[in-house]
Amino acid sequence: MGTSFQDQLLKSGLVNKKQVKKAKHQKLTNRKKNQGQKLSPEINKTLQDKLAKEKLNQELNKKLNKEKQRLENLAQVRQFIVTNRLDLDNCDDPYYFAQGKKIKKLFVNEIIAKKLSCGQLGIVKLDDCFEIVPAKVANQIADRDQEALIILHKPEK
């Protein structure tokens, strides 16, 4: 194998050992500084594409996790309402309440009406039906889905 360009310059007397050593040192330090920065355009574009794809995947995962959490909350709300609703079969007194700008009516008995007005019971919406549940359950439902809670009066002290 032939001699290096630096060795040839050294032999010819154009440079001395100190200059060769200094050049090697500068070359090494420049290589360390620029390590990974001066990539070819194709590699740099590939890395940018990869980072953009990872960022997009993270955003999609966040959206999917939020949607999954929302669906879990709705399932929990449904379960709370189904297991804790009161039976209103033999009730004939109307109880009026507001839902948005409309006045709705539920048939309840006197005891349920008093408990609704003092905050011991609450009215929640399941699909298109209104159900009456205890205040503790209504608070748990409100934590998971605020739109499902229709009426829950503050208890009087």
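Some notes on this structure:
- Debye, to nearest 20: dipole size of the stretch 37-88, +1 on Lys, Arg Cβ, -1 on Asp, Glu Cβ: 120
- FRET efficiency estimate (nearest 0.05) - Cβ-Cβ, T3 to N30, R0 25 angstrom: 0.60
- Long-range HN-HN contacts of F107 with modeled amide H, under 5 Å: Y95
- Among the GluC sites (Glu not before Pro) within the stretch 114-157, those in coil by DSSP and having at most 12 neighbouring Cβ atoms inside 10 Å are E156.
- Using a cutoff of 8 angstrom between alpha carbon atoms and counting only pairs six or more residues apart, the relative contact order for the stretch 39-157 works out to 22 percent.
- The label-point distance for L86 and H153, in a model that sets each label 7 Å from Cα toward Cβ, rounds to 1.2 nm.
- Selection of trypsin sites (Lys or Arg not before Pro), the stretch 54-146, meeting DSSP coil and at most 13 other Cβ within 10 Å: K101
- Shape call, the stretch 1-71: gyration tensor on alpha carbons, a/c limit 1.5: prolate
- Take the Cα of T46, step 7 Å toward its Cβ, do the same at K68, and the gap between the two points is 3.2 nm.
- When the Cα atoms of the chain are aligned to their principal axes, the ranges along those axes come out at 115, 35, 29 Å in descending order.
- Expected 222 nm ellipticity per residue - DSSP helices of 4 or more, -39500 (n - 2.57), all of the chain, to 500: -19000 deg cm²/dmol
- Straight-distance candidates among the aspartates and glutamates for linking to K104, with alpha-carbon spacing under 17 Å and chain neighbours fewer than 8 residues away dropped: D92, D93, D127, D128, E131, E147.
- Computed magnitude of the charge dipole of the stretch 26-157 (debye, nearest 20; Cβ of K, R +1, Cβ of D, E -1): 1600
- Cross-link pairs beyond the 26 Å C-alpha cut-off, checked among K101/K125; K125/K154; K33/K55; K63/K136: K33/K55; K63/K136
- H153 long-range amide H proximity, modeled H, under 5 Å: G119
- Per-residue Karplus couplings for the stretch 53-62, computed as 6.51 cos²θ - 1.76 cosθ + 1.60 with θ equal to phi - 60°, are listed in order as 5, 5, 5, 4, 5, 5, 5, 5, 5, 4 Hz, Gly and Pro entered as x.
Taken together, the values in this text are just the output of simple stated rules run on the coordinates, not laboratory data. Keep in mind it's a predicted model, so treat the numbers as computed, not measured. Heads up, the Cβs are rebuilt from the backbone with ideal geometry, glycines too, and the neighbour counts pull from every protein chain shown.
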